[in-house]
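The values are calculated or read from the model by the stated rules, or taken from the named source; none is laboratory data. Model, not experiment: these values are computed from the prediction. Here the Cβ positions follow ideal geometry from the backbone for every residue, glycine too, while neighbour counts run over all protein chains shown.
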Amino acid sequence: MSSGGELVQVKRILIAVDGSEHSYKAVRYGCAIGPPLDAEVIILHVVPMLVSATPYHDVSSDQPFLALQKVGEDILARAKKVSESCSCPVVDLIDHGDPARRIIDIAEERSIDLIIIGSRGISGLKRLLVGSTSDKVANQASCPVMIVR
């Protein structure tokens, strides 16, 4: 944001959900912020891609992906119910890949003004070694990121 006193306009909000309670709380915050600003609210779930241990493609190797896809659809359905309970119209979106990378890429592709994401609350050695999705998004996104605890 420049120091020239420009008014900040938030027209598109991306809420990333992962099924955690913090992510559903993020939906509630997005729904509190979006409608008064007349902003489009997009709820996104990214299905993490698994690397297959077998070099062959067959129906059985698709099972883990299909299971994760179904879980992702359920997460989005619950997030939409939360938004409906707040009388907040949303667009839902499911994508696949590395969650942090896809959140950042989709935010850029859709000219998102604000990303809202829940904190998973990982700490200690795991956070030091792999970091959290919310940390990666906050540090690499080109727009502001709100992390909800």
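Assessment of segment 123-146 against the conditions (modelled with pLDDT of 95 or more, in a strand (DSSP E or B), closer than 14 Å to Ile42 by Cβ and under 13 Å from the mean Cα position of the chain (by Cα)) yields no matching residue.
Residue count for segment 98-108, restricted to those that are at pLDDT below 95 and loosely packed, with under 14 Cβ neighbours inside 10 Å: 0.
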